[in-house]
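Enquirer: Before anything else, here's the structure in question.
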There are 2 protein chains.
Amino acid sequence: MTDKSQHLKDSVSLVNSYHKAAISVDCVIFGFEDEKLKILLIRSDLEQFKGKWSLLGDAIKENEELDNAANRVLLERTGMNDVYLEQFEAFSNPNRHPGGRVITLAYCSLLNIQHHELEITDNELHWHSVKSLKDKDLAFDHKMIIEKCFKWLQKRIQEHPLGFNLLPERFSLRTLQSLYEAILNIELDRRNFRKKFFSMDYLTDTGEYETDVKHRPGKLYAFNFEKYEKNKRKWTGIDF
Amino acid sequence: MTDKSQHLKDSVSLVNSYHKAAISVDCVIFGFEDEKLKILLIRSDLEQFKGKWSLLGDAIKENEELDNAANRVLLERTGMNDVYLEQFEAFSNPNRHPGGRVITLAYCSLLNIQHHELEITDNELHWHSVKSLKDKDLAFDHKMIIEKCFKWLQKRIQEHPLGFNLLPERFSLRTLQSLYEAILNIELDRRNFRKKFFSMDYLTDTGEYETDVKHRPGKLYAFNFEKYEKNKRKWTGIDF
DNA sequence: GCAAAAGTGTTAATTCTACACCCATGC
DNA sequence: GCATGGGTGTAGAATTAACACTTTTGC
């Protein structure tokens, strides 16, 4: 046995000595429709949580990376691909799953509801407005996970151009503002909002206009992600 | 068998069917000394990584929460307790550990080096300046984890009063500024820096002064965490 | 022509930046 | 008394907040 394989054996037996646990991913999938922030839920598979709503989740497979697992869950449950996904937080309370210990990694996903028609709707998969959740009973610790993730989103959307993932590629400024107002639960001044976004200079005028609208149609813009990636600044100033 | 225990059995067998993996925590422990940001490392236990530096980590135990595991690692390796710790990110590359699959959760910790004398220094446990790491070879994917965590810290310290965990309870404004300059790797204007912190109004004048300093001693301040918790604002404005 | 939302500018207040001199202490 | 860093103020620039009227379109 060479030195190298001896080392390998040592680290293998070390890892074998570790306690092992099941690991899952749970996707908190946000969408935006009818001026409301929504979230995608299914009825829980578990008898114990019969009637309760649940995030889309699954155990990870052997040798599967967490990010891939989250993408797979999304694909399997909704048939959709190429969606913005971000690791959010791990939840490890030993009693969070009635079937035994399952550590879960919550992922946050933002997508455009119109562009992602649900191709699979097993287990009553559908969109729920985030506001309606407070009266609903959720499986596992999913209510807590959603609340934390929502707060994270509220904060993050102010500092990163996440929100555009919830909109179609071309959108009016009114829609963009509604998005911010819905997520942050505040009202914003229309003129200042426009000024702010125009001064950032990441919106491209597509030359197109809204259609099927019963008033003066607004211009449609696209967010210039490349320009943002190039220009985003590092230092923003101490402020808390 | 009652309905309830039947359900329990179902979810138990479901969880039993899941793939299980070893899970570890790795603590990225920052300290501040000699005007430099430092990080605590040990020599790797593994023969394979002989001579390489490693984060402080360990596998989690049965029924142990991740946060507790991170605190335990800190206690076991350094003898210290009651330290600021925050979950950072999960790393799940199947090849990141030579002994087999180990998913790790990186935790970030900030502590005051003077107040936490190392009581245990096995495996050459000691502080390394963050800057010196770029020439060093680290075990596992720890270099990448540290880099990501450092960037996270740079961003986070601008928006949250994290940095005070690196300082003694009473500190001079000069020290506070050095801290920001060391972490962000920039120079700041002393007058504007003071104005900024005084205007936030979270610094309490302790009435004490620096000692053992060979120039005019500076006033010592304490950060008022309670006041911060009460006042911290939700809306900061869209800016990216 | 009327309803509904699009589009647009100015002013005052606030915050940020840049910058220079006197002060208190140890030696 | 001199070296060292502590402490302070102001003016111009930039950003933000508050606020109302005209324009375009569908009906």
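Enquirer: Between the DSSP loop rule and a limit of at most 12 other Cβ atoms within 10 Å, which trypsin sites (Lys or Arg not before Pro) in segment B:140-225 are left?
Expert: Working: sites: B:Lys143, B:Lys148, B:Lys151, B:Lys155, B:Arg156, B:Arg170, B:Arg174, B:Arg190, B:Arg191, B:Arg194, B:Lys195, B:Lys196, B:Lys214, B:Lys219; in loops: B:Arg170, B:Lys214.
Passing sites in segment B:140-225 are B:Lys214.
Enquirer: On average, how many beta carbons from a partner chain sit within 10 Å of the beta carbon of a residue in B:64-70?
Expert: Details: counts 5, 7, 6, 3, 1, 1, 0.
Mean number of neighbouring Cβ atoms from other chains: 3.
Enquirer: To continue, here is another question. What are the semi-axes of the equivalent ellipsoid of chain A, taken as the square roots of 5 times the eigenvalues of the Cα gyration tensor, listed largest first and rounded to whole Å? Please report the intermediate quantities before stating the final value.
Expert: Values: eigenvalues 290, 115, 57 Å².
Values for chain A, descending: 38, 24, 17 Å.
Enquirer: Quick one: putting +1 on the C-beta of Lys and Arg, -1 on the C-beta of Asp and Glu, what dipole do you get for segment B:21-158 around its Cα centre, in Debye to the nearest 20? The partial results should precede the final answer.
Expert: Values: 18 positive and 23 negative charges, 139 e Å.
Once rounded to the nearest 20, the dipole reads 660 debye.
Enquirer: From the label point of B:Asp10, set 7 Å from Cα along Cα→Cβ, how far away are the matching label points in the other copies, in nm, ordered shortest to longest?
Expert: 4.9
Enquirer: Separate question: What does the accessible area of B:Phe150 come to, in Å² to the nearest 10, when a probe of 1.4 Å is used?
Expert: For B:Phe150, the solvent-accessible surface is approximately 50 Å².
Enquirer: While we're here: If you put a point 7 Å past Cα along the Cβ direction, how far is that point for B:Gly237 from the same point in each other copy, in nm, smallest first?
Expert: In nanometres, ordered from closest: 0.6.
Enquirer: Ranked highest first by average number of other Cβ atoms within 10 Å, how do B:15-24, A:132-141 line up? Spell out each step's value before the answer.
Expert: Numbers: B:15-24: 18.6, A:132-141: 14.9.
Going by the mean number of other Cβ atoms within 10 Å, highest first, we get B:15-24, A:132-141.
Enquirer: May I ask you to evaluate 6.51 cos²θ - 1.76 cosθ + 1.60, the Karplus curve with θ = phi - 60°, for each residue of segment A:80-88 and list the ³J(HN,Hα) values in order in whole Hz, giving x for glycine and proline?
Expert: 10, 9, 6, 10, 5, 9, 9, 5, 10
Enquirer: How many angstrom lie between the Cα centre of segment A:141-195 and the Cα centre of segment B:6-67?
Expert: Using only Cα atoms, the two centres lie 35 Å from each other.
Enquirer: While we're on this one: Once the Cα atoms of helix B:173-184 and of chain B are each reduced to a long axis, what angle between those two axes, in degrees from 0 to 90 to the nearest 10, is obtained?
Expert: Approximately 50 degrees, to the nearest 10.
Enquirer: Would you mind giving the mean number of other chain beta-carbons within 10 Å of the Cβ of each residue in B:228-237, as a whole number? Intermediate results must be reported in sequence, preceding the final value.
Expert: Numbers: counts 1, 0, 0, 1, 1, 2, 7, 7, 5, 4.
For this peptide, the per-residue mean of nearby foreign Cβ atoms is 3.
Enquirer: Taking every residue in A:40-47, how many Cβ atoms of other protein chains lie within 10 Å of its Cβ, on average?
Expert: On the way: counts 0, 0, 0, 0, 0, 3, 5, 8.
Taking the mean over all residues of the peptide, I get 2.
Enquirer: First check a/c for segment A:170-231, with a ≥ b ≥ c the square roots of the eigenvalues of its C-alpha gyration tensor; if it is under 1.5, answer rounded, and if not, answer prolate when a/b is larger than b/c or oblate otherwise. Walk me through the numbers on the way to the answer.
Expert: Working: a/c = 1.94, a/b = 1.13, b/c = 1.72.
Here segment A:170-231 falls in the oblate category.
Enquirer: Something else about it: Quick one: angle between helix B:66-78 and the longest Cα principal axis of chain B, in degrees between 0 and 90, rounded to 10, please.
Expert: Relative to chain B, helix B:66-78 is tipped by roughly 70 degrees.
Enquirer: Hand me the GluC sites (Glu not before Pro) from segment A:2-89 located in a DSSP loop with no more than 12 other Cβ atoms within 10 Å, in residue order please. Kindly include the intermediate steps, with their values, before the conclusion.
Expert: Details: sites: A:Glu33, A:Glu35, A:Glu47, A:Glu62, A:Glu64, A:Glu65, A:Glu76, A:Glu86, A:Glu89; in loops: A:Glu35, A:Glu62, A:Glu64, A:Glu65.
Here the GluC sites (Glu not before Pro) that fit, given the DSSP loop and packing criteria, are A:Glu35, A:Glu62.
Enquirer: Hey, got a sec? Which GluC sites (Glu not before Pro) in segment B:94-199 land in a DSSP loop and have at most 16 other Cβ atoms within 10 Å?
Expert: Values: sites: B:Glu117, B:Glu119, B:Glu124, B:Glu147, B:Glu159, B:Glu169, B:Glu181, B:Glu187; in loops: B:Glu117, B:Glu119, B:Glu169, B:Glu187.
Here the GluC sites (Glu not before Pro) that fit, given the DSSP loop and packing criteria, are B:Glu117, B:Glu119, B:Glu169, B:Glu187.
Enquirer: For segment B:21-158, rounded, prolate or oblate, judged on the Cα gyration tensor with a ≥ b ≥ c (square roots of eigenvalues), a/c < 1.5 rounded, else prolate if a/b > b/c?
Expert: On the way: a/c = 1.34, a/b = 1.23, b/c = 1.09.
In terms of gyration-tensor shape, rounded.
Enquirer: Given charges of +1 on the Cβ of Lys and Arg and -1 on the Cβ of Asp and Glu, with all other atoms neutral, how large is the dipole of the protein assembly as shown about its Cα centre, in debye to the nearest 20?
Expert: Here the size comes out at about 1420 debye.
Enquirer: Another one. If you find the alpha carbon centre of segment B:70-133 and of segment B:204-237, how far apart are they in angstrom?
Expert: So the two Cα centres are separated by 28 Å.
Enquirer: Turning to a different aspect of this structure: For the rotation that brings chain A onto chain B, whose beta-carbon in chain A is nearest the axis, and what is that distance in whole angstrom?
Expert: Reported as residue, whole Å: A:Lys20, 2.
Enquirer: OK, next. Quick one: putting +1 on the C-beta of Lys and Arg, -1 on the C-beta of Asp and Glu, what dipole do you get for chain B around its Cα centre, in Debye to the nearest 20?
Expert: On the way: 36 positive and 38 negative charges, 183 e Å.
Magnitude of the dipole: close to 880 debye.
Enquirer: In nm to one decimal, list the spacings between the A:His115 label point and its equivalents in the other copies, with label points set 7 Å along Cα to Cβ, shortest first.
Expert: 4.9
Enquirer: Can you give the Rg and Dmax of the protein assembly as shown based on its C-alpha atoms, in angstrom?
Expert: Cα-based Rg and Dmax for the protein assembly as shown come out at 25.0, 80 Å.
Enquirer: Still on this structure: For helix B:3-17, what angle does its Cα long axis make with the longest principal axis of chain B, in degrees from 0 to 90 and rounded to 10?
Expert: Relative to chain B, helix B:3-17 is tipped by roughly 80 degrees.
Enquirer: Further question: For the pair B:Asp201 and A:Ser199, how long in nm is the line joining their label points, each one 7 Å along Cα→Cβ?
Expert: 2.5 nm
The values are calculated or read from the model by the stated rules, or taken from the named source; none is laboratory data. All values reported here derive from a predicted model rather than from experimental measurement. Glycine also receives a Cβ, built like all others from the backbone with ideal geometry; neighbour counts cover every protein chain displayed. For the accessible areas, the whole protein counts, side chains as well, though only heavy atoms, and no ligand, DNA or RNA atoms are used. Shrake-Rupley method; radii C 1.70, N 1.55, O 1.52, S 1.80 Å.
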